[in-house]
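Everything on this sheet refers to the single structure shown next.
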Amino acid sequence: MRRGKEGSRGERDRDRDRDRDRDQEGGRGDRRGGGGGGQRRGRRFTELKLWEIDYRNERLLRKFISDRGKILPRRITGVSAFYQRCVTRAVKRARHLALLPFVAETYK
């Protein structure tokens, strides 16, 4: 169905008002995620001065595994690419030696 000129003009005015409100708030609005002002990404390993991630440290590695047993992605954990690769390698080694489960108990 085609709208008349009045309908489209009303929508334009509404969009302009929404943009003006968004500029005053300083965020991106509801349409997009982010907008800044969130928590700063953690530097978990550099603050703890851990230069090597040991596959035998089960307590540390469990923080990087979801409740289903999957390795959490970098955007969730907030670690650098270098340490994410180290964590992935350590988790895989720990799984191979049966220190960590491949799948959570409830999904077996």
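The table below lists the values:
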| item | result |
| --- | --- |
| Residue that is most open to solvent (accessible area, probe 1.4 Å) [pool: residues in segment 49-65 that are in contact (Cβ under 8 Å) with a residue 40 or more places away in the chain and not hydroxyl-bearing (Ser, Thr, Tyr)] | 56 |
| Residues of segment 88-100 classified as surrounded by 13 or more Cβ atoms within 10 Å (Cβ to Cβ) and under 23 Å from the mean Cα position of the chain (by Cα), total | 5 |
| Of all residues making up segment 89-104, the number that are among the small types (Gly, Ala, Ser) and not in a helix (DSSP H, G or I) | 2 |
| Condition met for residue 105 (modelled with pLDDT of 90 or more and of a type in the set (D, E, K, R)) | no |
| Number of the exception - residue 29 against (1) under 23 Å from the mean Cα position of the chain (by Cα); (2) modelled with pLDDT of 75 or more; (3) of a type in the set (Gly, Ala, Ser) | (2) |
| Qualifying position, being at pLDDT 60 or above, in a helix (DSSP H, G or I) and open to solvent by 100 Å² or more (accessible area, probe 1.4 Å), among 68, 85 | 85 |
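The values are calculated or read from the model by the stated rules, or taken from the named source; none is laboratory data. What you are looking at is a predicted structure, and each value in this text was computed from that prediction instead of being measured. No Cβ is skipped: glycine too gets one built from the backbone with ideal geometry, and neighbour counts run over all protein chains shown. Quick note on the areas: whole protein, heavy atoms, side chains included, nothing else; ligands and nucleic acids left out. Shrake-Rupley method; radii C 1.70, N 1.55, O 1.52, S 1.80 Å.
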